[in-house]
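Structure first, commentary second.
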Amino acid sequence: MSENFGSPGHIQPLSIGNVVSAAVRLYRSHLKTYLNLAAIAHLWVIVPIYGWAKYAAISGLISRLAFGELVYQPESIQSANNHINPRLWSFFRVAFQVGISLLIVYFGLAIVGGIFAALLGVVLRGVLGGSGVIVVTTLAIIVTVGIVLLGLTWFYSRWIVAEVPLAVEENINGGESVARSWELTKASVFRIQGVVLVAFLVTLPIVFVFNYIPSLFLLRLEPGTAIYSLVYFISWIGSLIGGVFVMPFWQALKAVLYFDLRSRREGLGLQLRQPPL
């Protein structure tokens, strides 16, 4: 398998904080370009199937552009698109495969967590008796949620860069790109979970303002009314705007993670171009 990019270097593998910091620098340095691409991608979401494939491909395009900056080989959007566009449906396959896999994992973990919580409840009821119902119920909920969250983030961490090899490397298809992510991440899962947590906290204010706050107003309104429809539309627009701001950051983060994982496993070095003054 041959790659478009890659250069030897002497930079040590990045810490959790450095991965997120590098992603933030990329995001800030190319904010206008990334936001324009993200806006186009989110408009494509409205179109079923083909539009979703375009969204997935543009996500990969942002990661490719970010990766080019990391190895100090920047590309124009047109040049990068020459690599991305022929793989449109491969990007759709990656997104579909990872999405379905995570959905299956979620239901599986929910079942396992529920069974474990039920067994724990039986044991604790035998110890605490009827007076411990609240304690047992609370612990059961915590255990179930904990199993689901930890398990889901573990699997997500294995597939987090699933589309990046497809965006960057030659002679690779969608299935191989997903497998490549699984291979690259196998020794770094807990560190990646830390990266995901920190990145989530970084983007939380944007998500809260554009996604959560508008949704809170809907709880006070009666469905089917004109005001409910108006607020729902505003909430939908807000979620799109929030997605436009958040998506490029995550794609830049994936590019940094992908390169860092390759530097750990394949000896690639990292060069991050300084933003212009």
Next item on the list: Evaluate the following for residue 153: is it closer than 24 Å to residue 23 by Cα, β-branched (Val, Ile, Thr), in contact with a helix residue (DSSP H, G or I) (Cβ under 9 Å, 6 or more places away or on another chain) and surrounded by 13 or more Cβ atoms within 10 Å (Cβ to Cβ)?
Entry: yes
Margin query: Among the residues in the stretch 240-257, are any surrounded by fewer than 19 Cβ atoms within 10 Å (Cβ to Cβ), over 28 Å from residue 31 (Cα atoms) and out of contact with any Gly (no Cβ under 8 Å at 6 or more places or on another chain)?
Written below: no
Next item on the list: Identify, by number, the condition in (1) surrounded by fewer than 19 Cβ atoms within 10 Å (Cβ to Cβ); (2) out of contact with any Leu (no Cβ under 6 Å at 6 or more places or on another chain) that residue 180 doesn't meet.
Entry: (1)
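Scan the stretch 40-57 and give yes if some residue there is touching a Lys or Arg at 6+ places or on another chain (Cβ under 6 Å), modelled with pLDDT of 90 or more, among the aliphatic types (A, V, I, L, M) and assigned to a helix (DSSP H, G or I), otherwise no. Don't jump to the end; show me each part of the working.
Just the residues of the stretch 40-57 that are touching a Lys or Arg at 6+ places or on another chain (Cβ under 6 Å), to begin with: 44.
With modelled with pLDDT of 90 or more added as a condition, the list becomes 44.
Then keep just the ones that are among the aliphatic types (A, V, I, L, M); that gives none.
For the stretch 40-57, residues touching a Lys or Arg at 6+ places or on another chain (Cβ under 6 Å), modelled with pLDDT of 90 or more, among the aliphatic types (A, V, I, L, M) and assigned to a helix (DSSP H, G or I): absent.
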Check: Within the set of pairs 6 or more residues apart or between chains, which connect a residue that is closer than 13 Å to residue 61 by Cβ inside the stretch 29-46 to a residue that is small (Gly, Ala, Ser) and surrounded by 14 or more Cβ atoms within 10 Å (Cβ to Cβ) with Cβ atoms less than 6 Å apart?
Finding: 44/51
Item checked: Single residue of the stretch 203-229 satisfying the filter (crowded, with 16+ Cβ neighbours inside 10 Å and within 27 Å of residue 15 (Cβ to Cβ)) that is nearest to the chain's Cα centre (by Cα) -> 203
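Would you be able to tell me the number of residues in the stretch 144-164 that are among the β-branched types (Val, Ile, Thr), part of a helix (DSSP H, G or I), in contact (Cβ under 8 Å) with a residue 40 or more places away in the chain and over 10 Å from residue 189 (Cβ atoms)?
Residues of the stretch 144-164 among the β-branched types (Val, Ile, Thr): 144-145, 147-148, 153, 160-161, 164.
Now drop any that are not part of a helix (DSSP H, G or I), which leaves 144-145, 147-148, 153, 164.
The next check asks that each one be in contact (Cβ under 8 Å) with a residue 40 or more places away in the chain; those that pass are 148, 153, 164.
When the remaining residues are screened for being over 10 Å from residue 189 (Cβ atoms), the result is 148, 164.
Summing the residues that are among the β-branched types (Val, Ile, Thr), part of a helix (DSSP H, G or I), in contact (Cβ under 8 Å) with a residue 40 or more places away in the chain and over 10 Å from residue 189 (Cβ atoms) in the stretch 144-164 gives 2.
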Notebook entry, point to check: If we keep just the residues of the stretch 47-76 that are in contact (Cβ under 8 Å) with a residue 12 or more places away in the chain and aromatic (Phe, Trp, Tyr), which is nearest to residue 168 (Cα to Cα)?
Noted result: 67
Check: Within the stretch 122-132, can one find any residue that is of a type in the set (D, E, K, R) and modelled with pLDDT of 95 or more?
Finding: no
Checklist line | Positions within the stretch 28-70 being aromatic (Phe, Trp, Tyr) and more than 17 Å from the chain's Cα centre (by Cα), in sequence order | finding: 44, 50
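Could you check how many residues of the stretch 161-201 are β-branched (Val, Ile, Thr), farther than 13 Å from residue 257 by Cβ and modelled with pLDDT under 95?
Narrowing the stretch 161-201 to residues β-branched (Val, Ile, Thr): 161, 164, 168, 172, 178, 185, 189, 192, 195-196, 198.
Then keep just the ones that are farther than 13 Å from residue 257 by Cβ; that gives 172, 178.
Cutting the leftovers down to modelled with pLDDT under 95 gives us 172.
So the count comes out to 1.
Check the stretch 71-87 and report whether any residue there is farther than 28 Å from residue 22 by Cβ and either within 21 Å of the chain's Cα centre (by Cα) or part of a helix (DSSP H, G or I) (or both). Explain how you work it out, then say what you get.
Quick first cut of the stretch 71-87, residues farther than 28 Å from residue 22 by Cβ only: 86.
Subset that is either within 21 Å of the chain's Cα centre (by Cα) or part of a helix (DSSP H, G or I) (or both): 86.
Yes - at least one qualifying residue is present in the stretch 71-87.
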Check: For the stretch 212-226, which residues satisfy the criterion of being over 22 Å from residue 242 (Cα atoms), assigned to a helix (DSSP H, G or I) and not small (Gly, Ala, Ser)?
Finding: none
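In this structure, does residue 139 turn out to be touching a helix residue (DSSP H, G or I) at 6+ places or on another chain (Cβ under 7 Å), assigned to a helix (DSSP H, G or I) and surrounded by 21 or more Cβ atoms within 10 Å (Cβ to Cβ)? Explain how you work it out, then say what you get.
On the way: touching a helix residue (DSSP H, G or I) at 6+ places or on another chain (Cβ under 7 Å): yes; assigned to a helix (DSSP H, G or I): yes; surrounded by 21 or more Cβ atoms within 10 Å (Cβ to Cβ): no.
Judged against the criteria, residue 139 is not a match.
The values are calculated or read from the model by the stated rules, or taken from the named source; none is laboratory data. Keep in mind that this is a model prediction, so the values were computed, not measured. Using ideal geometry, Cβ is built from the backbone for each residue, glycine included, and neighbour counts are taken over all protein chains shown.
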